[in-house]
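For reference, the structure is listed below as C-alpha cells.
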Amino acid sequence: MKEFALYTAARLGIFVGCYAVVLGLLTLVAGRDSAAGIWPLVVAVLASTVISGYALRRLRERFTARVHARADRMVANGRRD
C-alpha cells in the first residue's frame, strides 16, 4: 500500500521536523541544559498532530479511498462464491 507508506513517512517527517524546531527554540531561549526531558517531546507530538491534520488531508483521503475500494472488491468477490 503505497498510500500508507507515504502517509506514515510524511507523518514521521512532520514529527521529526517539529521536534527539531522545539529543541532548537528551547536551546536558544533557555540554554543547552534545559533541552532535556519529556516536555519537548510532548510539545512536538501535539504540534505535529495539528499540522498533520491539515497538511496531510489529501494524502489521508487518498489512503481512505484506496482502503474503501479494496474493501468493496473483497465484498464483491465474497458474494460470487
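Rounded to the nearest 0.05, what FRET efficiency is calculated for Leu25 and Leu59 with R0 set to 25 Å and r the Cβ-Cβ distance? FRET efficiency, Leu25 to Leu59: 0.35. Give me the angle, in degrees from 0 to 90, between the Cα long axis of helix 39-55 and the longest principal axis of the Cα atoms of the chain, rounded to the nearest 10. Long axis of 39-55 versus the principal axis of the chain: about 40 degrees. Note on the chain: dipole from Cβ charges, positive end direction compared against Ala44, Val29, Leu56; the farthest Cα belongs to Leu56. For the chain, the mean residue ellipticity at 222 nm estimated from helices alone is -30500 deg cm²/dmol, where every DSSP H run of n ≥ 4 contributes -39500 (n - 2.57) and the total is divided by all residues, rounded to the nearest 500. Of the residues Ile14, Ile38, the one with the fewest other Cβ atoms within 10 Å heads the list, and the complete ranking is Ile38, Ile14.
Using unit Cβ charges (K, R positive; D, E negative) and no other charged atoms, how large, in debye to the nearest 20, is the dipole of the chain about its Cα centre?
Details: 12 positive and 5 negative charges, 103 e Å.
My answer is approximately 500 debye.
In plain terms, the bigger the Kirkwood radius, the slower the diffusion; for the chain, with that radius from Cα pairs, at 4 °C and 1.567 mPa s, Stokes-Einstein puts D at 86 µm²/s. Relative contact order for segment 2-80: 41 percent, from Cα pairs under 8 Å spaced at least 6 residues apart, divided by residue count. Straightening the chain between Ile51 and Val67 buys 3.4 nm, computed as 0.36 nm per residue apart minus the Cα-Cα spacing. Of Arg62, Arg11, Arg32, which has the largest mean-square fluctuation in a 10 Å C-alpha GNM of the chain? Result: Arg32 has the largest fluctuation of those listed.
Taken together, the values in this text are just the output of simple stated rules run on the coordinates, not laboratory data. The shown structure was predicted, so the numbers you read here are calculated from the model rather than taken from an experiment. Backbone-built Cβ (ideal geometry, glycine too); neighbour counts: all protein chains shown.
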